[in-house]
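Below you'll find the structure, written out as structure tokens, and then a few comments.
Since every read-out is calculated from the coordinates, none of them should be taken as a lab result. Note that the coordinates shown come from a computational prediction; the quantities given were computed from them, not determined experimentally. Counting neighbours? That spans all protein chains shown, and the Cβs are built from the backbone with ideal geometry, glycine included.
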Amino acid sequence: MTRSAFTVRMFAATAAVLLASACGSTTSTPTAAPKATSPSTATTSGGALGVATTSLGPVLVDSSGMTVYLLTADTPGHSTCSADCLKFWPPVPAPSGKVPSVSGVSAPLGVTKAANGVSMLTAGGWPLHTFALDKAPGDVHGQGVVNFGGTWYVLSPSGMAVKAPPSSAPATPGGGYGGY
């Protein structure tokens with residue numbers, strides 16, 4: 001498949017997911033776009049990481065408050081996200097120098113390389129990415145998306161995939177959380 005055909009297919013698939021979300025679909029793709037509370041972040045030169053609370057509970061965010069994701073196809077310290085993947089799932093840049101501890105984050109933080117050679121942060125071994133279709137802090141449009149060889153999930157402060165909303169989360173109209 002050519003890059004342009006792949007890009008067109010990716011945009012079409014993403015548009016279909018977003019359209020289904022807007023129509024109240026009950027697919028397994030989450031439809032919520034919660035806003036985060038004020039994130040607690042630790043800024044470092046070259047990168048930052050913090051914690052914000054969304055309807056999915058406390059999640060990791062980057063220095064701009066954008067939700068951070070893991071890809072289940074990745075392995076500890078190794079990102080499988082190719083150059084095409086990185087267009088939609090940019091890596092969270094690693095700081096220069098020592099990776100600091102971050103208040104509220106219990107996952108061990110580290111650094112690995114993205115396919116494009118850029119140093120990126122890891123949490124609990126998972127290479128960290130944001131999602132190009134998340135436009136505002138607290139957006140979680142990438143939650144549960146299946147592409148690039150795995151499923152994308154937001155991360156908890158302990159570095160674990162968040163696969164279900166907290167038990168205290170209110171139900172949403174139009175299908176709720178889609179049965180995950």
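Descriptive notes on the structure:
- Figure legend: label point modelled 7 angstrom from the Cα of L133 along Cα→Cβ; residues of the range 70-99 with amide N under 12 Å from it are 88-89.
- Here the simple spin-label model places points 7 Å from the Cα toward Cβ, and for A115 and S103 these points are separated by 3.8 nm.
- Dipole orientation for the range 34-162: of the candidates M66, P157, A94, A94 has the Cα lying most toward the positive pole (charges on Cβ; Lys, Arg +1; Asp, Glu -1).
- Dividing the alpha-carbon radius of gyration of the range 34-162 by the rule-of-thumb value 2.2 N^0.38 Å gives 0.91.
- For the peptides 140-152, 110-122, the ranking by packing is 140-152, 110-122, with the highest mean count of neighbouring Cβ atoms within 10 Å listed first.
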